[in-house]
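Beneath this line is the structure, given in structure tokens, with notes to follow.
Here, each number is a calculation from the coordinates, and none is a lab measurement. The structure presented is a predicted model; accordingly, all values stated were derived computationally and were not measured. Ideal geometry is used to build each Cβ from the backbone, glycine not excepted, and the neighbour counts take in all protein chains shown.
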Amino acid sequence: MKISAFALRNSREILRDKLNLAFGLGFPLIVLLLLSAIQANIPVELFAIDHITPGIAVFGLSFISLFSGMLIAKDRTSSFMLRLYISPMKSSDFILGYTLPLLPMAVMQTIICFIAAIALGLTISMNILLAIIVLIPSAVLFIAIGLLCGSIFNDRQVGGICGALLTNLSAWLSGTWFDLSLVGGTFKKIAELLPFSHAVDAGRAAMAGQFDMIIPHLIWVIGYAAVILVLAIYAFTVKAKSDNK
Amino acid sequence: MTAIRTENLTKKFKGITAVNNLNMEIMENELFALLGVNGAGKTTTIKMLSCLIKPSEGDGYIFGKSITKDSYNIKPIINVSPQETAVAPNLTVMENLELIARIYGNDKNSSLVKTKNIIASFGLGEVQKQKAKILSGGYQRRLSIAMALISEPKLLFLDEPTLGLDVLARRELWKVIKKLKENMTIILTTHYLEEAVALSDRIGIMVKGELKIIGTSAEITRKANAANFEDAFIYISESEAV
């Protein structure tokens, strides 16, 4: 009951912020439109709609980190949180209350991204459904990054880190905009050690029907998501204590 | 029945003693005002008693339950109205109240009933569907206190409840607080001395982390040999702070 009440509050806080919606849904769709327009004029394999859509979906998920991070960081510095800390809520209630409303939002955002892609020429197939499912661990990953950042930093810092740094980092290192092999070297190695390119590649493998390629990439994403989620819970618990001193 | 009892309650932050050996007893349905200049240790005391931070030494008991060992059972019977207005800004008045009712274990129906009742008793009816962030300061403060009361606490901490309110809004809140003290124990912190005198049964004055005096406003004024309570407060605060 506590978790569902708190989760409902969090979804209302996020959905009633129009800027959140504009960025979370609008920006990835604009990029999708833009790249499709480029593809129409100068065909590039990388920007083919079935290839680019998983990348744009992952890029869109980076905004989920911004939502969750901003909400927690703002809450932490408010008297409202003091009220909740005094209430019978436990740390696990807080974390689940923040995570649960974001997961359907992230999935919905991914679905909207694919619907837009279908409108732009993506062939309808069961692989789309598979790609959406495959992207769920990525959604958890970005939610966890937001929880971690929101637990450690203040809202201005979260704006910078999740809003600017993470969206760029996840975009450049995901192989969405350019083939990582074109840069190669250390850049490619770093990209392969991070989860973003694996998230996109898992989605691309699902779209291409290369089912055996999905799990190796997904392991990276699930591993990062699990570790960051545990770190976020720990950071939230520690910061909750220090914020009240 | 004793609502609060502290035994050598102490809190130290990196070697600095914020609250030192606090010993006091507050009875059920008493309105107790905790006064002191900034940095006297009032907020730290309240944070310990509301199980927000753990004491460095000593213990406190809320209706017989230890704040160090039994916070899980204390939390459902206490609530707080923080100094700053503590509301969820994008939620309406009704949604804010329902949220707190449900966090304290009420189901959807009983939360709704309690919300409607408290909206009526706090005069929030005309703004019940407005988002908290667009309410006036007076309404926000009323909502904040209503959110603390919807859980029907046995012990309520009111931290500077009338800070920043105009005189009319303040007097309105005084009426509300006077009504509340018939049914619950209230710990009030305020910088408005006339507020403490008008509302409280007893007053405690903290200076540099220590509770220097405790009694009714008349007793404190008499003990300090002062013409009025304000003079008594200044005398106690200054003489002990030097």
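For the range B:127-141, taking the residues that are buried (at least 20 other Cβ atoms within 10 Å of the Cβ) and not hydrophobic (A, V, I, L, M, F, W, C), the one that is farthest from the other protein chains (Cβ to nearest Cβ) is identified as B:Y139. Only one of the listed residues (B:L211, B:L155, B:L124) is under 23 Å from B:E7 (Cα atoms) and away from chain A (no Cβ under 14 Å). That residue is B:L211. Looking across the range A:174-198, the residues that are under 19 Å from A:V134 (Cα atoms) and in contact with a Leu (Cβ under 7 Å, 6 or more places away or on another chain) come down to A:L194, A:P195, A:F196, A:S197.
Is it the case that the range A:95-115 has a residue that's facing chain B (nearest Cβ under 10 Å), more than 21 Å from A:L169 (Cα to Cα), among the small types (G, A, S) and crowded, with 20+ Cβ neighbours inside 10 Å?
yes
Scanning the range B:7-29 for residues that are surrounded by 14 or more Cβ atoms within 10 Å (Cβ to Cβ), over 23 Å from B:R202 (Cα atoms) and not polar (S, T, N, Q) yields a count of 2.
Taking the criterion of being within 7 Å of another protein chain (Cβ to nearest Cβ), buried (at least 19 other Cβ atoms within 10 Å of the Cβ) and either in a loop (DSSP other than H, G, I, E, B) or among the aromatic types (F, W, Y) (or both), the residues of the range B:84-107 that qualify are B:T85, B:A86, B:V87, B:A88, B:L91, B:Y104. Selection of helices (runs of 4 or more DSSP H) fully inside the range A:1-46 by the criterion of at least 1 residues being within 14 Å of chain B (Cβ to nearest Cβ), on the phi < 0 side of the Ramachandran plot and of a type in the set (S, T, N, Q) returns A:2-15, A:18-21. The criterion of at least 2 residues that are out of contact with any helix residue (DSSP H, G or I) (no Cβ under 8 Å at 6 or more places or on another chain) and within 24 Å of A:L34 (Cβ to Cβ) is met, among helices (runs of 4 or more DSSP H) falling completely within the range A:177-235, by A:180-183. The single condition among (1) surrounded by fewer than 17 Cβ atoms within 10 Å (Cβ to Cβ); (2) more than 9 Å from chain A (Cβ to nearest Cβ) that B:M48 does not meet is (1). Could you go through the range B:162-184 and let me know if any residue there is away from chain A (no Cβ under 12 Å), in contact with a strand residue (DSSP E or B) (Cβ under 6 Å, 6 or more places away or on another chain) and not basic (K, R). Yes, the range B:162-184 contains a residue that is away from chain A (no Cβ under 12 Å), in contact with a strand residue (DSSP E or B) (Cβ under 6 Å, 6 or more places away or on another chain) and not basic (K, R).
Confirm whether B:K116 is surrounded by fewer than 21 Cβ atoms within 10 Å (Cβ to Cβ), within 30 Å of B:S217 (Cα to Cα) and among the basic types (K, R). Answer is no for this residue.
Just checking, does the range B:137-149 include any residue being over 20 Å from B:V80 (Cβ atoms) and of a type in the set (F, W, Y)?
Checking the range B:137-149: not a single residue is over 20 Å from B:V80 (Cβ atoms) and of a type in the set (F, W, Y).
When B:F32 is tested against the conditions (1) more than 12 Å from chain A (Cβ to nearest Cβ); (2) part of a loop (DSSP other than H, G, I, E, B), the lone failure is (2). Note on the range A:76-89: residues that are more than 9 Å from chain B (Cβ to nearest Cβ) and charged (D, E, K, R) amount to 1. Just so you know, in the range A:36-85 the residues that are under 30 Å from B:A148 (Cβ atoms) and of a type in the set (A, V, I, L, M) include one that is surrounded by the fewest Cβ atoms within 10 Å (Cβ to Cβ), and it is A:M81.
Note on the range A:117-153: among residues that are part of a helix (DSSP H, G or I) and not hydrophobic (A, V, I, L, M, F, W, C), the one that is nearest to A:L165 (Cα to Cα) is A:G146.
May I ask you to verify whether A:L21 is over 26 Å from A:A208 (Cβ atoms) and free of Cβ contacts under 8 Å to residues at least 12 places away in the same chain? Answer is yes for this residue. Could you check, for the range A:56-76, whether at least one of its residues is in a helix (DSSP H, G or I), over 24 Å from B:G105 (Cα atoms), of a type outside the set (F, W, Y) and more than 21 Å from the chain's Cα centre (by Cα)? Checking the range A:56-76: not a single residue is in a helix (DSSP H, G or I), over 24 Å from B:G105 (Cα atoms), of a type outside the set (F, W, Y) and more than 21 Å from the chain's Cα centre (by Cα). Go over the candidates B:A40, B:A18 one by one and state the one that is within 19 Å of the chain's Cα centre (by Cα), among the aliphatic types (A, V, I, L, M) and assigned to a loop (DSSP other than H, G, I, E, B). Going through B:A40, B:A18 in turn, the sole match is B:A40. Just so you know, in the range B:51-83 the residues that are in a loop (DSSP other than H, G, I, E, B) and either within 8 Å of chain A (Cβ to nearest Cβ) or in contact with an Asp or Glu (Cβ under 6 Å, 6 or more places away or on another chain) (or both) include one that is surrounded by the fewest Cβ atoms within 10 Å (Cβ to Cβ), and it is B:T68.
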